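The values are calculated or read from the model by the stated rules, or taken from the named source; none is laboratory data. No experiment lies behind these values; they were computed from the predicted model shown. When we count neighbours, we look across all protein chains shown, and the Cβ atoms used for this are built from the backbone with ideal geometry, even at glycine. Surface accessibility is based on the protein's heavy atoms, side chains included, excluding ligands, DNA and RNA. Shrake-Rupley method; radii C 1.70, N 1.55, O 1.52, S 1.80 Å.
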Amino acid sequence: MKCNKTYNIFLFLSTLTRNLVNVFSLVLLYKKGYTINNLLFFLFIMYLMGILVNYFSLKIYYKVVLIISSIIYGISFIYLSVLNKGLISLSILAILLAIGNYSYHTIRHFLALTMFEKGKQDTGVFIMINYLSIIGSSLVGMYLIKRLSLTVTSIIVFILSFISIIPILRQPRINIDNNRVDKRVSISKNKIIFNILEQFKVIFMELQPLFLFIYVDKSIYYVGIFNVITNIASLIVIYFISKKISYKYFKYYTLILGIILILKLNIKSGIILLIIAFLEGVFVKIYEYVSLFNLYDYGDNCVSKYLLFEELIFFGSKTLIVLLYLLFNLDIYFIMYINLVGIIISGLFIRYKGKCT
């Protein structure tokens with residue numbers, strides 16, 4: 001497997017750090033007294049702000065973006081720890097998190113695409129490192145939140161977010177082939193439709209910790225364990241069957257995933273749900289594995305223009321979807337079902353290109 005060691009160290013440390021508290025953020029806000037509609041409003045502001053963040057992140061030197069991102073990300077969780085209830089405070093937090101989170105994710109994808117373009121990275125390595133770090137962050141984050149105050153945990157996240165970007169800051173400047181920079185971005189209609197529908201999966205997973213906390217077990221510990229189990233299943237997928245995953249059968253993967261998620265939404269037993277968590281982890285990660293290959297297949301497009309276009313689709317879609325949830329004042333249970341239907345339909349719009357390798 002080809003790999004860039006510097007990038008992989010950065011990926012592991014930064015993903016570990018940024019998931020310590022992030023996976024629990026909606027639950028923490030809910031515990032502070034915010035309603036479901038308040039939290040949907042929070043997501044709406046974040047996604048809307050994400051459109052601007054992604055645009056400017058690709059216009060500024062990536063090392064500067066990572067430094068700014070780390071500062072704002074650390075500040076956002078310190079702000080969360082002292083947050084007073086109110087929509088203005090919630091909006092400020094959403095803006096801070098959008099800047100701190102989405103600028104980092106844009107640069108992470110940008111660096112990954114340049115690695116793949118130069119033949120220095122294997123997608124399987126990229127995904128395996130990502131899941132390993134998420135398992136670690138769920139375990140450590142769960143421990144920190146249970147044992148320490150949110151303020152102390154936030155300060156730890158602030159410090160670690162800086163440490164995590166040091167490998168990339170020390171790496172020589174990455175130059176990309178800009179021979180295609182003047183060309184217009186060319187993406188198939190199927191890919192655009194899939195990218196839009198995929199956002200139902202993203203929103204589903206964003207709301208999942210909150211759903212588990214409200215309907216299954218009002219415990220940060222349980223949410224963390226559920227997340228760990230799904231990501232252990234992910235590693236099994238990557239290690240044993242990733243090379244056998246084919247675009248051709250993607251619609252069947254999404255259908256099975258849909259059935260598993262229906263079971264999850266209707267089972268209230270915490271223990272049985274942990275078994276469902278494993279099955280969900282297998283098929284969610286097959287879904288994400290294929291969708292990541294789809295994202296990183298940028299064809300003859302310029303990397304930065306292609307990524308900007310993709311991020312515009314991602315955040316524009318999420319903003320519109322959450323806005324509709326807000327306008328119709330939907331219950332989280334019904335929202336999860338709508339997201340589930342979107343996930344299943346998305347499987348019909350992936351292009352068949354053989355196996356993901």
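Any idea which of Ile214, Asn54, Leu273 is furthest toward the positive side of the dipole for the chain, if Lys and Arg beta-carbons carry +1 and Asp and Glu beta-carbons -1?
In the chain, that residue is Asn54.
Return the whole-Å distance between the Cα centroid of the stretch 200-220 and the Cα centroid of the stretch 137-161.
20 Å
About the Cα centre, and with charges only on the beta carbon of Lys, Arg (+1) and Asp, Glu (-1), how big is the dipole of the chain? Nearest 20 debye, please.
With Lys and Arg at +1 and Asp and Glu at -1, about 520 debye.
State which helices in the chain qualify, where a helix is a whole DSSP H run, it must extend 27 Å or more along its own axis by its Cα atoms, and its mean Kyte-Doolittle hydropathy must be at least 1.6.
Span-like helices here: 36-57, 62-81, 150-170, 270-296.
As I understand it, the dipole of the chain uses +1 on the Cβ of Lys and Arg and -1 on the Cβ of Asp and Glu, about the Cα centre. Which of Ile196, Leu144, Ser291 lies farthest toward its positive end?
Result: Ser291, furthest along the dipole toward the positive end.
Nothing charged except the Cβ atoms of Lys and Arg (+1) and of Asp and Glu (-1): what's the magnitude of the dipole of the stretch 259-357 about its Cα centre? Round to the nearest 20 debye.
For this selection, approximately 200 debye.
Any idea which of Gly316, Tyr253, Met128 is furthest toward the positive side of the dipole for the chain, if Lys and Arg beta-carbons carry +1 and Asp and Glu beta-carbons -1?
Met128
In Å³ and rounded to a whole number, note down the convex hull volume per residue for the Cα atoms of the stretch 69-162.
Cα-based convex hull of the stretch 69-162, divided per residue, equals 100 Å³.
Net charge around Gly100, counting only other residues with Cβ within less than 14 Å of its Cβ (Lys, Arg = +1; Asp, Glu = -1)?
Residues near Gly100 contribute +2 overall.
With respect to the cross-link table entries Lys5/Lys191; Lys191/Lys251; Lys85/Lys218; Lys32/Lys285; Lys63/Lys285; Lys32/Lys201, which display a Cα-Cα separation exceeding 22 Å?
Lys5/Lys191; Lys32/Lys285; Lys63/Lys285; Lys32/Lys201
At a threshold of 8 angstrom on Cα-Cα distance, excluding pairs fewer than six apart, so keeping six or more, what relative contact order does the chain reach in percent?
Relative contact order, the chain: 29 percent.
Enter the accessible area per residue of the chain (Å², integer; probe 1.4 Å; all protein chains in place).
42 Å²
Give me the percent of the accessible area of the chain that comes from carbon and sulfur atoms, probe 1.4 Å, all protein chains in place.
68 percent
Given N residues in the chain, what is Rg(Cα) / (2.2 N^0.38 Å)?
Expressed relative to 2.2 N^0.38 Å, the Cα Rg reads 0.94.
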